[in-house]
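The values are calculated or read from the model by the stated rules, or taken from the named source; none is laboratory data. What you see is a predicted model, and the numbers here were worked out from it, not measured in a lab. Calculation scope for accessible area: heavy atoms of the full protein, side chains included, ligands and nucleic acids excluded. Shrake-Rupley method; radii C 1.70, N 1.55, O 1.52, S 1.80 Å.
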Amino acid sequence: MAVLSAKLASAALAFILVAASLGLIEAREAGIGIGIEIGARGKPRQREFDYFNLALQWPGTYCQRTRHCCSSNACCRGSNSPSVFTIHGLWPDYNDGTWPACCTRKHFDEKEISTLLDPLEKYWPSLSCGNPSSCHGGKGSFWEKHGTCSAPVTGDEYNYFLTTLNVYFKYNVTKVLNEAGYVPSNTEKYPLGGIVSAIQNAFHATPKLACRNGAVEELHICFYKDFKPRDCVVGSSSSSDVLSSSNSCPNYISLPAYASLGAGNAESKISWVPDDVL
Ligand code: 5GP
């Protein structure tokens, strides 16, 4: 009898190990890490992220790329187009410069964030036509791609978007730069080091900038998982070196004012197309 139960026990153990290696047993539900990284289909789960990267876009630069207008492109809102840094995304990242994506198969449901749609339209608008890439097709790539990986900290879809808006409002980059004299201009060039210092002084952390043709296109500010600011990761290492934090930007950079496109601009040569055509 004892031999039989020992055999049964070892068979059961063997089954558990095989089942786990095939992914038949959910070793880790989203958001509850117990250290065993086995996914639903035997694929290793992505390990939990290290820090948050709040990616902001500068419409004055980004909108210069617009070749066609559509209703979802905020660059085409004429005088109502955004004139502040807008949200590109709240990205959960790894310290080595890579990041997890599409961590669970949870789908985006717009109804869950219906009360946030107004501020999201204003401060987290699309600055292009067409759908951004998504995990499983369909809309809502931000939640599916990045939100699901943030879930251990930010929770469900509603909380991911709410948290992002709150962090964006608390760390107001546009205000910090304006107060330091870095105002939108189509003629001025500003020292890169000055812009980085203004953010460092305000938030006590080093941002990361990306430029296009010498103009600021993206500005990233980074946070520990408790949303205290920290230095952004540059390449494969974290750096507090002002200039290496901004390798795609020259030493003097511009912060272009938005040039009106589409609605309300009779001069505009930009054509309108239905959404999602491009
Ligand atoms: P882009 O080529 O425009 O920089 O990035 C395209 C997409 O890749 C972004 O919208 C974002 O979803 C993802 N991506 C780019 N850089 C990062 C990053 O540093 N962290 C994360 N999590 N995603 C990124």
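Just to check I understand the Karplus step: with θ = phi - 60° and J = 6.51 cos²θ - 1.76 cosθ + 1.60, what whole-Hz values come out for segment 52-64, glycine and proline as x?
9, 10, 8, 8, 10, 10, 9, x, x, 8, 4, 5, 5
Enumerate the amide H contacts of residue 217 below 5 Å, restricted to partners 5 or more residues apart or on another chain; note that Pro and chain-start residues carry no placed amide H.
It is 210, 211, 212, by chain and number.
What residues have an amide H closer than 5 Å to that of residue 252, excluding those fewer than 5 places away on the same chain, when H is modeled at 1.01 Å from N in the peptide plane?
192
Structure shown: which of 175/208; 170/225; 111/170 lie over 19 Å apart, alpha-carbon to alpha-carbon?
Violating the 19 Å limit, Cα to Cα: 111/170.
In terms of solvent-accessible area of protein heavy atoms at a 1.4 angstrom probe, what is the ranking of 104, 98, highest value first?
Descending order: 98, 104.
Could you derive backbone 3J(HN,Hα) for segment 113-120 from the dihedral phi with the Karplus parameters 6.51, -1.76 and 1.60 (θ = phi - 60°), listing whole Hz in sequence and x where the residue is Gly or Pro?
These are the phi-based 3J(HN,Hα) values: 10, 4, 6, 9, 5, 4, x, 5 Hz.
Using heavy-atom solvent-accessible surface (probe 1.4 Å) with all chains present, what is the largest-first order of 150, 248, 79?
Largest to smallest exposure gives the sequence 79, 248, 150.
Is segment 49-265 rounded, prolate or oblate when judged by the Cα gyration tensor, a ≥ b ≥ c being the square roots of its eigenvalues, rounded requiring a/c under 1.5 and prolate requiring a/b larger than b/c?
Because a/c hits 1.5 or more and a/b fails to exceed b/c, segment 49-265 counts as oblate.
In whole percent, and with a 1.4 Å probe on the protein chains, what portion of the accessible area of segment 49-265 is carbon and sulfur?
50 percent
List, in order, the whole-Hz ³J(HN,Hα) value for each residue of segment 251-257 obtained from phi through the Karplus relation with A = 6.51, B = -1.76, C = 1.60 and θ = phi - 60°; use x for Gly and Pro.
Using θ = phi - 60°, the values come out as 5, 10, 10, 10, 10, x, 6 Hz.
Would you grab the residues whose amide H sits under 5 Å from the one on residue 91? Only those 5+ places off in sequence or on another chain, please, with H modelled 1.01 Å from N.
53, 54, 55
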